[in-house]
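Note sheet for the following structure.
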Amino acid sequence: MLDHDPARHVVTAVIVSHDGARWLPETLAAVRGQSRPVQRVVAADTGSTDGSAELLTEYLPDDAVLDLPATTGYGDAVRGALGLPRSTAPVPRHAGGTEWIWLIHDDLTPERDALERLLAAADQDPRAAVLGPKLRDWFDRRRLVEAGVTIDGAGRRETGLEQREFDHGQHDGTRQVLAVSSAGMLVRRDVWDRLGGFDPALPLFRDDIDFCWRVGGAGLRAVLVTDAVAYHAEASARRRRRITATRNHPRRIDRRHAVFVLLANLPAGGMVAALVRNSVASLLRVLTYLLIKQPGNALDEAAAITLVYLRPLRLARARFRRRRDRRRTYSAIRPFLARGVALRQFADTLTGILSGEPVLNTPGRHQAVTVAPSPDDEAAALADQTSFLRRVVLRPGVLLVLGLTVVAVVAERSLLFGDLLAGGALLPVTGSAADLWSLYLAAWPETGLGSNAPVAPYVGFLALASTLTLGQPWIAVCVVLLGCVPLSGLTAFLLAREVVGPRPVRLWTAAVYALLPVATGAVAQGRLGTALVHVLMPVMGLLLVRLVTLPPRRSRRAAWGLGLVLAAATAFVPLVWALALFTGMLVAAAFGHLGRRLYVSVALSLTVPIVLLLPWSLELLRHPTLWLLEAGLRPPTTGATAAQLLLLSPGGPGTPPAWVTAGFAAAALCSLLLLRDRKIVAAGWTLALVGLLVAVVTSRLVVEPYPGGPPIQIWPGTALSFAATAVLLSAATGARSLGPMLRLGGLRRVFAVAVSALALVTPLSAAAVWVAGGVDGPLTGRADMAVSRALAVIDGGGTRPRTLVVTPGEGGVDYAVLRGEQPRLGDEGVLPTAPTREVMDRAVAELVAGQGGEHLHTLADFGVQYVLYPRPEVDGAHDTSMLTTLDGTPGLLRMSLSDRYGLWRVGESTGALRVVEGAVTGADEIEAEVLAVGDDLPDGEAGRLLFLAEPADDGWRATLDGAALTPVDTETGVQAWELPARGGALDVRHVDPVHTAWLATQGVAFLAVAVLAVPGARTEEETRLIEATPTPRPRRPRWTGRRSRRGGRRRAVRGTTTAKGE
């Protein structure tokens, strides 16, 4: 018993109920059983339909219970109950005592000594006008719900607690706070009467914060008493019952009241700032809620801020009443307002995602749970680990990714400190995200020879990724390419966590997948497409698993997400879509018993990439060789041997010796002997064999890529990533039998130990070999800058001359046309038309063969003013011959020759725009005047032509003083117009309204698919539904079922015959 005089205090308990029959008996018993009894008890029931009113009359006299309409707010219900004569009835032996009001919710159970400890704290602080207990959860009474409450400048309710934080006394200590919850709030009655109680404008939610704020403004204190404990179910905030006082829109009312409390209590300047801040924040929240599939919450947010604007008079009256009662300035309240709530909530969400814990939709920082804890949770309570280090960093999956990151950094040491990343299939990574967007969005990209063909869609995805990486493409490329190993380890672990139970098997699966030869080879050879697909392959597998196993709504979201990820992968490596098509057919066959929704989801996932990648996806149908290519250049590669392919190695630079993956392959084959989930294992091996077959076939193909160029051998890395994913999941599924085999002992234990040892060899040896050898391939961090240095000395003076770069190739020469700068990542995605390529091929062939100077006219038509030969070897026979040929070509003038480059200038002046006098057919000397882009056209003679150094196209428009010029055909196929004798303002541009309309449509479609694909925050109802949904099993093939039934009948017949014989 605490040492205080109970005669000093008279306590009236006020109980308000609304459909609280579930909790009310325990609440009433707890109030009745207080160690320091209350003197009066009054109650109000607000239209309950579950028998709550009858329960109140069983415990209390009839004159102590008030029936009110269902629309009555909490503050009005308290006022109504306090208006009963019984609430002011004289109390013997307590005359002159301090009157207190104890507010009790129908879902609140105070501890036996709660009131006693509240009154003891009141004796210690004469200025304490409001006191509140520490609140724990009603279901799980170890968890904290509130230990005082405050609000921040955006109206967020803040308790200062972690989600589902256990009470170990870490928040104990009686102290002043901004507010305490109305559940269990003890209020001096004179203060209640003077301030008018809870504001009638706040029927529910935030009424306690507003009242305590006004108490603080009146010069009194709100005190949290942690020695007093009560258990609160938060039934209204958690939507465990219908809330008629707010038309069943608790979030909307909570948000509106949050803004109202801020605007009503802040000083004038702070009020204006809070109104602007919350208006912008509400708009962002609406967009966020729509993005995460919570349209109801978005509507509530929009309606809440709108209602604040529509009721200015109510706000004005509230501010007037608060000014009348205020005795202290805002400076006395400011220290108790929350700071950095948004940052902490973001950190909580991020920690939940990284730790694999579900991020639930828990608005308002309410901490109660909805079901009682299981006995298994006792250990979790004792091991309450809420720090970021323990919840995230020390988790096995995170440690694995960190370890893979360290391995990658050490192995890629030669690539991390250079000036320019390039080599192999990767063009130099320069420029900005704006350059990539300009390239992708242009109807006629200003690169190479020029073309109206659709730009490869991976350029758009690169532009988007570069935008997210602060506008720097080199960061995006480094993350995907150089971070391929740790990123693929992360995605593989997420997939393994979804389908594999034992944690060691998950870690093994992720480590093996991350360190496969496909990943290290893709890094060494600069294959950005393969690296990205290797990272995304487990993501697609994860989404496919969710498509099959989740309830219909979540399954459809997974289908949209799978379609979006598949679109990104297909943009870089089109072969992925063909492999996905086969996978979809297998899934439909195995799980067709799930019904129509599965077929629709699979079809949706396969259709989305085709639609999003239009019109480029049509190019795949017209030019089948594009299916076998991937983003980037096509460097020469050596074909992998059959043994390498069977061991999941694509061969070439950067791949380890074949024996590195031999242990994994042996362990995977041994898993076939384990009788665990045989149908799933069989399906996985079916996919693996298809991937291996595709890898073998494609690695033997030598194709001539569209729209031309030297024949190349196809890289089988993507098909091997596909096969590896299937093999790993099959092996991991079978590996779940190893644990029981180890416990059984004998030969089974020997077999399990041998398989485990073989499995561990691959990741350890792969990491060791990669770290020891480093990145041994054409990719380098110190790319040769010879071309860019040569281009730097060229000054076009606004005429935009172009440069022909000639390099030795297999059986001939390769060439590229540059427009004043070195080729950059994405330029290879612009493909010229076949006629243009044929014309230029012939001109370059004649140039390097030394066949006269007619070809120079073709180069001039395409704006080529310079010829560049990088890195000539003066002592080499081939290079000496090439230099001699170029030096001896009439019309070419050598400008420079060094060990870095040789540069020649075409004698005929050219540029982007030329005015040619008279006919040009067969002329040896052509009189031409080069115009700077944007200059006016000078006067001249009739019959002259305007040449544009671009292939002819219907989209080109040229006007002179607003009058359209007439286009004419040319021998080389470049665009030209007839010019009059007079000059004037010249305007040349390309117009393609169809391209513009499609880009807009594509952007809207992409945004729509992205919104539909976002999984959204899980509500507790969705979590329970997911947990209750059984995992589907693949159906038995029909022929297998018939054979089994026939066999079953034969066995039954034999059994019956035996029985008769007996």
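Fully extending the segment from ARG8 to TYR599, taken as 0.36 nm per residue of separation minus the present Cα-Cα distance, adds 205.3 nm.
Legend: calculated FRET efficiency, ASP954 to THR641, from the Cβ-Cβ distance at R0 = 45 Å, rounded to 0.05, equals 0.35. Between VAL994 and ALA768, the FRET efficiency from the beta-carbon distance, with R0 = 60 Å, is close to 0.60.
Gain in length, ALA1010 to VAL410, computed as 0.36 nm per residue apart minus the alpha-carbon separation, to one decimal in nm? Don't skip to the end; give the middle numbers.
Details: separation 600, 0.36 × 600 = 216.00 nm, distance 3.62 nm.
Extra length from ALA1010 to VAL410 when fully extended: 212.4 nm.
Per the Cα gyration tensor, segment 100-211 maps to an equivalent ellipsoid with semi-axes of 21, 18, 14 Å, ordered largest to smallest. Averaged over residues, the count of other Cβ atoms within 10 Å places the peptides 630-641, 28-39, 13-24 in the sequence 13-24, 630-641, 28-39, highest first. Dipole check for segment 6-248: with +1 at the C-beta of Lys and Arg, -1 at the C-beta of Asp and Glu, and the Cα centre as origin, the magnitude is about 320 Debye.
Neighbour counts of C-beta atoms inside 10 Å place PHE582, PHE947, PHE166, PHE260 in the sequence PHE582, PHE166, PHE260, PHE947, starting with the fewest. Among beta bridges from DSSP that stay inside segment 6-248, the antiparallel ones total about 40%.
Computed from the Cβ-Cβ distance with R0 of 51 Å, the FRET efficiency linking MET585 to THR57 stands at 0.15.
Full-extension gain between ASP193 and ALA442, please, as 0.36 nm times their residue separation minus the C-alpha to C-alpha distance.
In short, 82.6 nm is gained.
Highest mean packing first, where packing is the average number of other Cβ atoms within 10 Å per residue, the peptides 604-612, 587-595 line up as 604-612, 587-595. Spin-label model, ARG339 to ASP67: label points 7 Å out along the Cα-to-beta-carbon direction sit 5.4 nm apart.
Determine the relative contact order of segment 6-248: mean sequence separation of Cα pairs under 8 Å and six or more apart, normalised by residue count, in whole percent. About 24 percent, as a whole number.
Take the alpha carbon gyration tensor of segment 6-248, find the square roots of its eigenvalues, order them as a ≥ b ≥ c, and report rounded if a/c is under 1.5; if not, report prolate when a/b exceeds b/c, else oblate.
The shape class here is rounded.
Taking the average, over residues, of other Cβ atoms within 10 Å as the packing measure, peptides 170-179, 930-939 rank 170-179, 930-939 from highest down. Label positions at ALA273 and GLU917, each projected 7 Å from the Cα along the C-beta direction, are separated by 7.3 nm.
Every read-out reported here was derived from the displayed coordinates using simple, explicitly stated rules and does not represent laboratory data. Note that the coordinates shown come from a computational prediction; the quantities given were computed from them, not determined experimentally. Every residue, glycine as well, gets a Cβ built from its backbone with ideal geometry; the counts of neighbours run over all protein chains shown.
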